[in-house]
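Heads up: the structure comes next, in structure tokens.
The values are calculated or read from the model by the stated rules, or taken from the named source; none is laboratory data. The model shown is predicted, which means the values in this text are computed figures rather than measured ones. FYI the Cβ positions are ideal-geometry reconstructions off the backbone, even for glycines, and counts take in every protein chain you see.
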Amino acid sequence: MGEPRVVVREPRVVVRRSLPSEPAVRGSASLFLTEAERQGVRAGRRMLYVGPEPASEHVAAGLRVEPGAPVLARRKLLLAGDVPVRVATSFLRLDLFADTPLCEPGFLAPSLQARIEELGHRFGRAEEQLVARPSRDDEPATLELGPGEWVVQIVRAAYSAEDVPIHVLETVCAASRHVFDIVQPSGADEF
């Protein structure tokens, strides 16, 4: 008999995502980079696309435009170590943000939220929806998913203090690489 085979597997990458995001994290230059740093994860990000694209049904609903209407998309890939864990896409209404610095390629400094505020839009409220679903389109290749691996899609629609829809963030997460912490404020429920 031969020697027993030793199988060496790469360490599993798991990152945490709090829902809702803490205000200090949400207001940072990068929600993902701040979260990862707190977890001791070496984070990276790469801008994949900045430009117009047709609004899907859920993006159109959040931005209060017709499905298929052109919206500004800012899509980035988020990495833990060198492992892709999320694709995050900001969608913005072109009637509000066309021909502004938000249309420029690359990351915005100090943050997208700060640039939106510089253009006169103050945050009022947000709604988030989390859905687990099979991966589709280019998600398996982009996120390096295994056969049949699912994703978790989080859609966060943000509205100004005047209730104008100003930003929809769609985050598609590799389900096997995430833990979602749901935080409940005190005084909101009983045990």
For this session: State all residues of the range 40-80 that are loosely packed, with under 14 Cβ neighbours inside 10 Å and over 19 Å from LEU102 (Cβ atoms); if no residue qualifies, say none.
Result: GLY40, ARG42, GLU57, GLU66, PRO67, GLY68
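Let's see how each residue does on (1) closer than 26 Å to THR142 by Cα; (2) assigned to a helix (DSSP H, G or I):
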{"site": "PHE91", "(1), (2)": "yes, no"}
{"site": "LEU96", "(1), (2)": "no, yes"}
{"site": "ALA114", "(1), (2)": "no, yes"}
{"site": "HIS121", "(1), (2)": "no, no"}
{"site": "ALA126", "(1), (2)": "no, no"}
Seminar exercise, completed: Apart from one, (1) modelled with pLDDT of 95 or more; (2) in a loop (DSSP other than H, G, I, E, B); (3) under 27 Å from ALA109 (Cα atoms) all hold for PRO67; the odd one out is (3)
Problem set entry | Condition met for VAL50 (touching a Pro at 6+ places or on another chain (Cβ under 6 Å) and either among the polar types (S, T, N, Q) or at pLDDT 90 or above (or both)) | yes
Seminar exercise, completed: The one condition ALA174 fails out of (1) modelled with pLDDT under 95; (2) under 17 Å from LEU63 (Cα atoms) is (2)
For this session: Take the residues in the range 143-188 that are assigned to a loop (DSSP other than H, G, I, E, B) and among the aliphatic types (A, V, I, L, M), then tell me which one is surrounded by the fewest Cβ atoms within 10 Å (Cβ to Cβ).
Result: ALA188
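Let's see how each residue does on (1) outside any helix (DSSP H, G or I); (2) of a type in the set (Ser, Thr, Tyr); (3) in contact with a helix residue (DSSP H, G or I) (Cβ under 8 Å, 6 or more places away or on another chain); (4) modelled with pLDDT under 90:
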site	(1), (2), (3), (4)
PRO11	yes, no, no, yes
SER28	yes, yes, yes, yes
ALA36	no, no, no, yes
ARG86	yes, no, yes, no
ASP99	yes, no, no, no
